[in-house]
Amino acid sequence: MKSLLVRFFLFSLVIAACSIAVTAWLASQATTGAIRQEQGDALRTDAEIYDKLLGIAATHRTWVEAKSDVDGLAREHGRRLALTDRGGKTLIDTGTAGSPPLPITPKVSIDALNVDSVLKPGATSKIDPRAVGPFRLTDEEYAKMRTVADRLLNCSRGNFSIVESPNRRLRVSTLRLGETSQWPDCPSGDELYAVTYTESLAYTDLHTLFEGCMARLPGRYYVKPLTGPIPLDWEVTTVQYSDPPVVECMESARREQLRPFVAEYAHLYITEPTGGQPQAIDLSTTGTNRIILVALGILAIAGFASWATATQLVRPIRALTAATKRTAEGDRTARVDGGAGEIGELAKSFNAMSEKLAETERQRQAMVSDVAHELRTPLGNITGWLEATQDGLAEPDPHLVGMLLEESLLLQRLVDDLHDLAQADAGTLRLHPEPIALDDVVDQVVNAQQNREVLLRAETTPVHLTADPVRLRQALGNLVANAVRYTPPGGEVVVKLFQWQDRAILEVSDTGTGIAPEDVPHVFDRFWRADKSRSRRTGGSGLGLAITRHLVEAHGGTVSVTSTLGEGSTFRISLPPA
Ligand code: ADP
């Protein structure tokens with residue numbers, strides 16, 4: 001778990017998984033309710049169509065007769081309804097000529113004598129009550145009953161209403177037999193409860209069929225011959241408390257009697273008007289599986305995206321790590337392209353650091369080679385003369401000793417200068433400041449550097465400040481020594497001291513060789529000389545001006561130069577007030 005890449009990847013994967021899971025859960029919760037409702041609606045529509053078709057089947061002898069009713073039903077529900085017989089032959093199809101073929105399996109079968117108890121729960125009998133067949137009253141009987149019922153209704157002042165049975169028999173809603181006596185002025189309602197001629201015929205037929213069925217049962221049952229008046233709902237009273245075989249017999253007798261009066265058994269297909277299945281929403285496991293699959297797919301995409309992002313994010317960090325390693329191993333050329341943003345900034349800082357390191361390295365190498373170069377000449381001279389003396393080629397006379405001494409003094413000066421610079425670099429150059437009169441320092445330097453070939457003079461005004469007199473003498477001494485050194489005989493060197501604004505200014509002007517404009521920026525560099533061979537001969541180490549600058553800066557001052565080639569130079573030290 002140390003890798004940033006892996007950590008970032010796992011982290012974003014967990015976030016993605018959580019959010020996908022929560023979103024999927026919320027979405028499924030929100031839609032399940034809506035789906036249930038919609039499914040309920042669809043089921044209700046189907047049940048309604050089924051019930052109405054049953055009614056049509058119960059009241060028509062054939063489906064062809066019922067064609068216009070079925071068309072109306074299809075229009076009412078916006079569905080295509082098709083009915084076929086058992087063999088698949090189309091009986092009715094409300095679809096147009098261009099409608100696609102019907103689905104393979106029918107929705108349900110329609111049989112008025114065998115009702116589907118799932119689609120019509122709570123039905124007492126499997127035979128649809130609307131199938132009345134021979135029990136249907138004639139118009140004459142119906143008219144008679146209507147008259148009686150209307151008369152009853154008129155005198156009852158709205159205490160009950162009239163209900164019409166499927167076979168057109170009229171009944172009083174609440175009235176039981178004999179209750180009409182409560183209203184003395186009213187006619188007796190008994191007439192409503194008498195079996196009509198049509199019904200008695202039908203009942204007799206039914207009884208015969210029932211008897212036939214019962215006779216076929218193993219002989220445990222005795223059927224009373226039908227004598228006297230037949231009560232209403234005879235078939236119900238016969239089978240109400242009977243054994244299942246008896247109920248079966250009554251049902252089969254009724255079916256047999258009604259069969260010619262109802263439309264034939266048919267398969268029902270309900271589709272969209274265009275032909276497809278009505279849209280049903282799938283809540284089954286395939287639905288859940290699909291949700292899971294989609295969620296997994298999204299997770300995979302999220303995983304891929306975060307892996308890609310993580311890789312992109314980590315790439316510059318890896319490049320930085322590699323570059324840092326190379327730098328640690330000594331390679332100063334390592335650079336990183338970090339692009340934009342924070343890591344880009346880091347890469348830029350690294351590149352800057354790397355360049356600085358390379359520069360320091362170059363300076364160090366140049367310094368070492370310069371030091372070696374500077375030491376080689378005086379050491380070579382000393383060694384050469386000493387070997388010549390040893391071999392007897394030169395006499396150790398005072399002249400030779402003087403020469404050797406001069407070379408060793410040169411070495412001494414070089415080593416002292418290097419020591420001063422090293423101290424300045426390390427920040428250990430110690431100053432011992434004290435209140436001094438700067439004009440005294442100038443006088444001391446000018447007196448020490450007096451020379452027969454060059455006119456050296458001082459122009460001073462009294463200036464007092466706090467500084468290290470030894471170090472200031474060294475700094476000014478270097479400038480005066482250079483001025484004298486690079487001024488030909490007969491020339492002039494003037495050292496001026498004055499106050500300008502609140503600063504003390506020391507100016508060393510000469511009428512010497514001057515410095516070429518392109519060389520001016522380099523005069524304060526270590527080991528830099530305009531003319532290498534000449535300067536060494538004249539005793540310069542190439543470190544004087546570098547040391548002067550360090551000493552002046554240690555006092556908080558600045559040193560600068562203006563020069564014209566062939567006319568002379570002016571070096572200026574500016575020191576802050578005490
Ligand atoms: P050096 O010991 O060689 O004098 P410095 O650091 O003192 O070293 O001077 C660096 C170089 O600057 C000298 O070699 C010389 O070329 C140039 N320089 C310094 N002072 C003067 C001057 N007053 N006139 C002309 N050139 C000068």
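The values are calculated or read from the model by the stated rules, or taken from the named source; none is laboratory data. Everything quoted here is computed from the prediction, not taken from an experiment. Every residue, glycine among them, receives a Cβ derived from its backbone with ideal geometry; neighbour counts consider all protein chains shown. Surface areas here come from the heavy atoms of the whole protein model, side chains and all, with no ligands, DNA or RNA. Shrake-Rupley method; radii C 1.70, N 1.55, O 1.52, S 1.80 Å.
Criterion applied to Ala546, Ala483 was being over 19 Å from Ala424 (Cβ atoms) and open to solvent by less than 30 Å² (accessible area, probe 1.4 Å), and the one residue passing it is Ala483. For region 52-101, residues that are β-branched (Val, Ile, Thr) and in a strand (DSSP E or B) total 3.
Just to be sure, is Leu320 in contact with a Phe, Trp or Tyr (Cβ under 8 Å, 6 or more places away or on another chain), assigned to a helix (DSSP H, G or I) and either under 27 Å from Leu357 (Cα atoms) or open to solvent by 80 Å² or more (accessible area, probe 1.4 Å) (or both)?
Numbers: in contact with a Phe, Trp or Tyr (Cβ under 8 Å, 6 or more places away or on another chain): yes; assigned to a helix (DSSP H, G or I): yes; either under 27 Å from Leu357 (Cα atoms) or open to solvent by 80 Å² or more (accessible area, probe 1.4 Å) (or both): yes.
The answer is yes for Leu320.
Residues in region 106-164 that are part of a loop (DSSP other than H, G, I, E, B) and in contact (Cβ under 8 Å) with a residue 12 or more places away in the chain: 25 in all. Inside region 82-123, can you point out the residues that are more than 15 Å from Leu53 (Cβ to Cβ) and among the basic types (Lys, Arg)? Arg86, Lys89 - these are the residues of region 82-123 that are more than 15 Å from Leu53 (Cβ to Cβ) and among the basic types (Lys, Arg). Scanning region 165-174 for residues that are open to solvent by less than 50 Å² (accessible area, probe 1.4 Å) and assigned to a loop (DSSP other than H, G, I, E, B) returns Ser165, Asn167, Arg168, Arg169.
Out of region 549-560, which residues are open to solvent by 10 Å² or more (accessible area, probe 1.4 Å), within 13 Å of the ligand (Cβ to nearest atom) and in a helix (DSSP H, G or I)? Selection gives Arg549, His550. All conditions in (1) of a type in the set (A, V, I, L, M, F, W, C); (2) more than 26 Å from Ala123 (Cα to Cα); (3) surrounded by fewer than 18 Cβ atoms within 10 Å (Cβ to Cβ) hold for Leu91, with the sole exception of (3).
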